[in-house]
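First comes the structure, then the notes that go with it.
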Amino acid sequence: MSNKNNVSHGVDWLLILLYAMLLCTGLLCVFMVEYKPDTDWIASFLGGKTNYSKQLIFIGICTIVATFILLADSKLFTAFANLMYAFGIVLMLATFVIGRNVNGSKSWIPLGGGFNIQPAELCKIFTALALAKFLSRQETDFTKFKSQLIAFGIVLFPALLSRLQHETGLALVYLSFFIAMYREGLPGIYLIIGFAFGVLVVATLLVDPNILAITLTLIAALAIYLLRRQIKRNKAGLYVIVAVWAVCVGIQRFAVPYIFNNVFECYQSQRIYMSFGKDYDCSQNHAVKKDKGNNKVYKPDDYNVRQSKIAIGSGGILGNGFLKGTQTRGKFVPAQSTDFIFTSLGDAFGLVGCLFLLLLYLFMLFRIIRVAERQRSRFSRVYAYSVVSILFYHIAVNILMTIGLFPSIGIALPLISYGGSSLLTFTTLIFILIRLDADRQMVLR
């Protein structure tokens, strides 16, 4: 049999090794959180009733899925990219009809046997493929605004559906696709505008509205004074400065309050405000006004984050030891198997364990970037950068969230957090990339 017919030909085994190491680390973390000393750990692992036994089942399912992906023809992913995207959108729309409400989010479809699937997670795969398909078309000129607008639509439509499902964290993940688009020629002005908007939002939260408006006015006046000679020759500069000033004041005065009062839920706005040491008035929130006091308003404190930081800090340099984490074993941290799984590693293995996990992630991210840059096909390159962007966003936001440097928005730590949908999504993302890379000599469109 020739090498070209061998399924292992061209496969990046280093990337698979890093994937397997992260899977084992995640299973270990879930086990440390859920294990009870008075139970037979072997029986509980095989019983399918505990979270770590379910995670083992998920790993088995993901192994089968990964094998099928490696056996597949790479051309299938280009041929069915748009169809899979449409299927993902239909699944997301189906949640509004048959979806199950979990923790206030109607984004899950029940499969039976206690298992659920989250279409918004799976749609990240389909969005990455659809974006790669669109940008790799010969007729796509990404320097034109029309092509940029279509790419934005591909990315932002599932994000909008996620937001309507009250999955703000997942909706924000779709913004990571802009990194892949930037690599493919998206003008830097979009990133500058996005960054400036973020800075303006933070400034609105930190500074009194009137003081901020006066500050923006003084900055505009100073810019006009410094550019007075150019403005005398060409009035266009004055119009630009005035327009930018008006947009900034409008965002600060109207857009930001509207987002926090009408787009975010009360608890989401409160968490963001708490990250900046502020308190949010839930009486201004649209959901609270609509409810008219019929139900008790859920206004969270920073308990989750405080306990998370205590757990990580209690581990010190070397940690408290396997199954000896004081906070982990005491069940003090909420959502410790999912959103705050990173705390279990810090509690048990300390700074050393945290650095080990971060290095694994760092090696994986750099490996994927190297894989992306060696592709002949633009389809494969765009897809690879989409994968690394999604992974980076999840890793950065989740870890910053657990140490109190980012608002708690409920986002999984890749391959570590408990959950079948999340694990299947990241497995599929990574192994499609490995399959495409194995055929990197082909030009796929």
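The values are calculated or read from the model by the stated rules, or taken from the named source; none is laboratory data. Computed from a predicted model, the values in this text were never measured in an experiment. Note that we place each Cβ from the backbone using ideal geometry, even for glycine, and neighbour counts take in every protein chain shown.
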field: Residue under evaluation residue 186, criteria (1) farther than 21 Å from residue 253 by Cα; (2) free of Cβ contacts under 8 Å to residues at least 40 places away in the same chain, criterion not met
entry: (2)
query: How many of the residues in the range 225-248 are in contact with a helix residue (DSSP H, G or I) (Cβ under 6 Å, 6 or more places away or on another chain), under 23 Å from residue 199 (Cβ atoms) and either acidic (Asp, Glu) or in contact (Cβ under 8 Å) with a residue 12 or more places away in the chain (or both)?
result: 4
- prompt: Does the range 216-224 include one or more residues that are in the same structural domain as residue 281 (by TED's automatic domain parsing) and assigned to a loop (DSSP other than H, G, I, E, B)?
  reply: no
task: Return a yes/no flag: does the range 402-415 have any residue that is touching a Leu at 6+ places or on another chain (Cβ under 8 Å) and either under 16 Å from residue 129 (Cβ atoms) or assigned to a helix (DSSP H, G or I) (or both).
output: no
- request: List every residue pair whose Cβ atoms sit under 7 Å apart, with the two residues 6 or more apart in sequence or on different chains, where the first one lies in the range 51-74 and is under 21 Å from residue 416 (Cβ atoms) and without any contact (Cβ under 8 Å) to a residue 24 or more places away in the chain and the second, anywhere, is of a type in the set (Ser, Thr, Tyr) and buried (at least 16 other Cβ atoms within 10 Å of the Cβ).
  value: 53/44
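For every residue, the table says whether it meets (1) crowded, with 16+ Cβ neighbours inside 10 Å; (2) in the same structural domain as residue 426 (by TED's automatic domain parsing).
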| site | (1), (2) |
| --- | --- |
| 28 | yes, yes |
| 31 | yes, yes |
| 35 | yes, yes |
| 38 | no, yes |
| 44 | yes, yes |
| 65 | no, no |
Breaking point among (1) part of a helix (DSSP H, G or I); (2) surrounded by 17 or more Cβ atoms within 10 Å (Cβ to Cβ), for residue 197: (2)
- prompt: Within the range 382-435, which residues are touching a Lys or Arg at 6+ places or on another chain (Cβ under 7 Å) and at pLDDT below 90?
  reply: 403, 404, 407, 408
